[in-house]
Amino acid sequence: MRKLLLLIEAFFLQSCSSSRTQVPSLDVFGSYFPAWLISLATGIVLTVIAVALGRLIDIRPSGFWGFLLSVSLILIFSISVWFWFFAR
């Protein structure tokens, strides 16, 4: 039983020390930032712009639907930025 558990553990931990894959990070002012953080920040900024444009043309969902729309737009924009710039 112990050997079986070690075999399963080795299978799941084999990717932790792989030198073939690199962590997606960017050098920003000498410090490495994860790419997902940059994608999330861009998604939030694009959502703020989209909500402002929606208010200009009088689209104002309120309550739960407004919250759901904002979260959905953040996800859509963040994932789109991730695939557009960082997915290889």
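Some observations on this one:
- Flag if residue 14 is assigned to a helix (DSSP H, G or I) and at pLDDT below 85: yes
- Condition met for residue 76 (of a type in the set (A, V, I, L, M) and in a helix (DSSP H, G or I)): yes
The values are calculated or read from the model by the stated rules, or taken from the named source; none is laboratory data. Just so we're clear, the structure is a prediction, and the values are computed from it rather than from any experiment.
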